[in-house]
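Engineer: Shown below is the structure under consideration.
The values are calculated or read from the model by the stated rules, or taken from the named source; none is laboratory data. Because the structure is predicted, anything quoted here is derived from the model rather than measured. Neighbour counts run over all protein chains shown; Cβ positions are idealised from the backbone, glycine included.
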Amino acid sequence: MLGSITVLLLYQTIGEILVLVLGVPIPGPVVGMALLFVTLLVRGEAPAPLRETAERLLSHLSLLFVPAGVGVMLHFERLGAEWPAIVLALVASTVLTLGVSALVMQALRRRSGSGARDG
Amino acid sequence: MGDRLSDIWVYLAASPLLGLTVTLLAYQAAHWVYLRANMSPFANPVALSIALLVAILWFTDTPYATYFDGAQFVHFLLGPATVALAVPLYANLARLKRELLPIIGALVAGALTAAVSAMAIGWLAGASRATVISLAPKSVTTPIAMGLAEKLGGLPSLTAVFVVLTGIIGAVLARSVLDVLRVDDDAVRGIAIGVAAHGIGTARAFQVSATMGAFAGLAMGLSGVVTTLLLPLVVRVAQP
């Protein structure tokens, strides 16, 4: 547990440093995730303690969004003034995103599925 | 006695302990309600905990900054949790390889739809410039979205709120939308939920099925990367 938390923090730190040094507009944790993924590819396996820690951390993922969500109270004024546009944008865009990504994947899957059978 | 109590309150209200404890208590209360409601998507635990906490802070006249002094310890874990996404991503390597093209296609189409439609609808409906830019990264997980908002000239804390709202909306509506479209494969449903509603959608997907959860987690991680790469271009072209 302790070792794998250290690994996660270490990769995040390396990610943040790389972003600062290279000046790329990518968040540090994403770079950390990519580096860890490459490391696992090279190693050929994910160590059991790391798997357990990741699973535990990710199983409480929705809790981690709560403090940022409570920040809604800082924006009551803006939300009060602009709420129709915001609600419309969030709901319509989320429905569209769900639909488009599902339909695109389904269509590409059918195509590549038939391609595999032909080959 | 009253003085003692208010002394205790003054001490506790100023310490990070209270913000952290009340966050965990509120979440567990909300989770209990969610379980009692048979995990109905409408009893979303994130939405319930936020409502509860905002009410508590409002009644006790506590500023958000004071609350966040404690809650930041929970918030901080989003960073390592994002790094940890590499693990389920790697665990699904075989599926990822087998369906690489459909997944990448869905991710690029979904990430573009999320950003472009949110900005376009917000702009057409009369939202201000700062709001429109803050809407752009709303479908990716909080640390990525806040980082992007900052780099693109939005308001990171407003983006965080939009991200959470998007996650809740996605978790609530996913089943109905995908049923209407007759998308019944768990893998496809998972990808759509992960792209549209990041971690909150993924948490919901895991409760429906392990396959759906794995694909949602995969999509959440990859769409974070895809959005990071595409969004600066989208915003530059759109120039809201």
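Engineer: Does A:S4 fit the bill of being out of contact with any Cys (no Cβ under 9 Å at 6 or more places or on another chain) and touching a residue at least 24 places away in the same chain (Cβ under 8 Å)? I'd like the intermediate steps shown before the answer.
Structural biologist: Numbers: out of contact with any Cys (no Cβ under 9 Å at 6 or more places or on another chain): yes; touching a residue at least 24 places away in the same chain (Cβ under 8 Å): yes.
Yes: the conditions hold for A:S4.
Engineer: Taking helices (runs of 4 or more DSSP H) that do not extend beyond region B:124-240, which have at least 1 residues that are under 18 Å from B:A106 (Cα atoms), in contact with a Phe, Trp or Tyr (Cβ under 9 Å, 6 or more places away or on another chain) and of a type in the set (D, E)? Break it down stepwise before answering.
Structural biologist: Values: elements: B:129-135, B:142-152, B:156-180, B:186-208, B:210-238.
Those helices (runs of 4 or more DSSP H) span B:186-208.
Engineer: Go through region A:65-84 and give me each residue that's surrounded by 24 or more Cβ atoms within 10 Å (Cβ to Cβ) and either in a loop (DSSP other than H, G, I, E, B) or aromatic (F, W, Y) (or both).
Structural biologist: Of everything in region A:65-84, just one residue is surrounded by 24 or more Cβ atoms within 10 Å (Cβ to Cβ) and either in a loop (DSSP other than H, G, I, E, B) or aromatic (F, W, Y) (or both), namely A:F65.
Engineer: Quick one: B:T131 ticks every box in (1) within 7 Å of another protein chain (Cβ to nearest Cβ); (2) touching a residue at least 60 places away in the same chain (Cβ under 8 Å) except a single one, so which number is it?
Structural biologist: Against the list (1) within 7 Å of another protein chain (Cβ to nearest Cβ); (2) touching a residue at least 60 places away in the same chain (Cβ under 8 Å), B:T131 comes up short only on (2).
Engineer: Determine which member of the set B:A106, B:A125, B:A130, B:A120 is surrounded by 24 or more Cβ atoms within 10 Å (Cβ to Cβ) and either modelled with pLDDT of 90 or more or not assigned by TED's automatic domain parsing to the domain that holds B:D185 (or both).
Structural biologist: B:A106
Yes/no matrix, rows are residues, columns are (1) among the hydrophobic types (A, V, I, L, M, F, W, C); (2) modelled with pLDDT of 95 or more:
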{"residue": "B:R189", "(1), (2)": "no, yes"}
{"residue": "B:R204", "(1), (2)": "no, no"}
{"residue": "B:G224", "(1), (2)": "no, no"}
{"residue": "B:V234", "(1), (2)": "yes, no"}
{"residue": "B:P240", "(1), (2)": "no, no"}
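Engineer: Something else now. Out of (1) touching a residue at least 40 places away in the same chain (Cβ under 8 Å); (2) surrounded by fewer than 24 Cβ atoms within 10 Å (Cβ to Cβ); (3) in the same structural domain as B:L152 (by TED's automatic domain parsing); (4) out of contact with any Phe, Trp or Tyr (no Cβ under 8 Å at 6 or more places or on another chain), what's the single condition that is false for B:T60?
Structural biologist: With (1) touching a residue at least 40 places away in the same chain (Cβ under 8 Å); (2) surrounded by fewer than 24 Cβ atoms within 10 Å (Cβ to Cβ); (3) in the same structural domain as B:L152 (by TED's automatic domain parsing); (4) out of contact with any Phe, Trp or Tyr (no Cβ under 8 Å at 6 or more places or on another chain) applied to B:T60, the lone miss is (3).
Engineer: Here is a further query. Report yes if some residue within region B:75-95 is more than 9 Å from chain A (Cβ to nearest Cβ), farther than 20 Å from A:S62 by Cα and surrounded by fewer than 17 Cβ atoms within 10 Å (Cβ to Cβ); otherwise report no.
Structural biologist: Yes - at least one qualifying residue is present in region B:75-95.
Engineer: Let me ask something else. Tell me which residues, restricted to region A:41-55, are free of Cβ contacts under 8 Å to residues at least 40 places away in the same chain and under 18 Å from the mean Cα position of the chain (by Cα).
Structural biologist: Filtering region A:41-55 down to residues free of Cβ contacts under 8 Å to residues at least 40 places away in the same chain leaves A:41-46, A:48, A:51, A:55.
The answer is A:R51, A:E55.
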